[in-house]
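These notes are about the structure you will find just below.
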Amino acid sequence: SEDEQVRTSENLFDLYLKSVGRGASFLLNLPPDRTGRIHQNDVKTLQGFKSLVDIFEKSNIVSDATIKSSNICDGNELFSACNLTDGNSDTYWATDDEVREADIEFLFAEKKNFNIVGLREFLPLGQRVDSIAIEIKNEGSWQQISEAQAVGNCRFIELGNQCSDALRIRLRSTKTSLAVSEVGIYAANPFI
């Protein structure tokens, strides 16, 4: 009776950003029909949703950036900011033990369009980030465009459509040093 009341692929993608992108589960609740199969309407929507997620992930422009951080744990390259873009969840950028506030800058050779920043903490060390501020360089000066609380396993921060050659993430912790495993900067304009 609900076979025609299926969410759209775009709606599922929006829910994905608002659930997984805030560290929560993304539960689809797809019941099988009386033959034990998922209805074709659901399958079609899920295939469209997968295409949107694939396009979103490919829109990550962070590999085009030069990365600078205000602090690296013990000055050790093992904890450098290049770990934020290596695609390895076992590596991470970290600050010295006493450092509770740090910045990471992403500098591009030319202006880039983007609208979402994604972050993941290195959770084996625990959740540490209390607040995030995101800034872009606009006519030579930094301008804050968004802020958020906590990162955890995954956090997507929607920025609206932005165009800049520099983005800075300011991270704060009240408990201990910072440890972030991954950062993505996405140019996912068609989906927001």
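The values are calculated or read from the model by the stated rules, or taken from the named source; none is laboratory data. Owing to the predicted nature of the structure, the values given are computational and were not obtained by experimental measurement. No Cβ is skipped: glycine too gets one built from the backbone with ideal geometry, and neighbour counts run over all protein chains shown. The accessibility values were calculated without ligands, DNA or RNA, using every heavy atom of the protein model including side chains. Shrake-Rupley method; radii C 1.70, N 1.55, O 1.52, S 1.80 Å.
Search region 164-192 for residues being in contact with a Ser or Thr (Cβ under 8 Å, 6 or more places away or on another chain) and assigned to a loop (DSSP other than H, G, I, E, B), and hand back the single one that is most open to solvent (accessible area, probe 1.4 Å). Restricting to residues being in contact with a Ser or Thr (Cβ under 8 Å, 6 or more places away or on another chain) and assigned to a loop (DSSP other than H, G, I, E, B), the top hit is Ala187. In this structure, does Asn71 turn out to be within 20 Å of Asn153 (Cα to Cα), among the polar types (S, T, N, Q) and touching a strand residue (DSSP E or B) at 6+ places or on another chain (Cβ under 6 Å)? No, not satisfied.
Please work out which residue is farthest from Glu105 (Cα to Cα), limiting yourself to region 56-87 and to residues that are among the acidic types (Asp, Glu) and in contact with a Phe, Trp or Tyr (Cβ under 9 Å, 6 or more places away or on another chain). Once the filter is applied, the top-ranked residue is Glu57. Selection of region 51-67 for residues being over 18 Å from Leu119 (Cβ atoms) and either touching a helix residue (DSSP H, G or I) at 6+ places or on another chain (Cβ under 8 Å) or open to solvent by 90 Å² or more (accessible area, probe 1.4 Å) (or both) yields Ser51, Leu52, Ile55, Lys58.
Okay, residues lined up against (1) of a type in the set (Val, Ile, Thr); (2) crowded, with 18+ Cβ neighbours inside 10 Å; (3) under 17 Å from Ser59 (Cα atoms):
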| residue | (1), (2), (3) |
| --- | --- |
| Asp103 | no, no, no |
| Asn113 | no, no, yes |
| Ser141 | no, no, no |
| Gln162 | no, yes, yes |
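Residue check: is Gly48 small (Gly, Ala, Ser) and either buried (at least 18 other Cβ atoms within 10 Å of the Cβ) or without any contact (Cβ under 8 Å) to a residue 12 or more places away in the chain (or both)? Give the steps one after another, and end with the answer.
On the way: small (Gly, Ala, Ser): yes; either buried (at least 18 other Cβ atoms within 10 Å of the Cβ) or without any contact (Cβ under 8 Å) to a residue 12 or more places away in the chain (or both): no.
In short, no.
Here region 51-86 is the region considered, the condition is being touching a residue at least 40 places away in the same chain (Cβ under 8 Å) and among the small types (Gly, Ala, Ser), and the residue that is farthest from Ser173 (Cα to Cα) is Ser51.
Considering region 9-23 alone, what residues qualify as being more than 15 Å from the chain's Cα centre (by Cα) and either open to solvent by 30 Å² or more (accessible area, probe 1.4 Å) or modelled with pLDDT under 90 (or both)? Walk me through it before giving the result.
Filtering region 9-23 down to residues more than 15 Å from the chain's Cα centre (by Cα) leaves 9-12.
Hits for region 9-23 are Glu10, Asn11.
Cβ-Cβ contacts under 8 Å between residues 6 or more apart (or on different chains), taken from a first residue in region 95-111 that is at positive phi to a second residue that is modelled with pLDDT of 95 or more, are absent. Within region 39-58, identify whether any single residue is in contact with an Asp or Glu (Cβ under 6 Å, 6 or more places away or on another chain) and not in a loop (DSSP other than H, G, I, E, B), and answer yes or no. Yes, that holds for at least one residue. Taken over region 115-139, residues that are in a strand (DSSP E or B) and buried (at least 16 other Cβ atoms within 10 Å of the Cβ) amount to 13. Applying the set (1) open to solvent by less than 70 Å² (accessible area, probe 1.4 Å); (2) over 12 Å from the mean Cα position of the chain (by Cα); (3) touching a residue at least 40 places away in the same chain (Cβ under 8 Å); (4) within 22 Å of Phe13 (Cβ to Cβ) to Phe156 leaves exactly one unmet item: (2).
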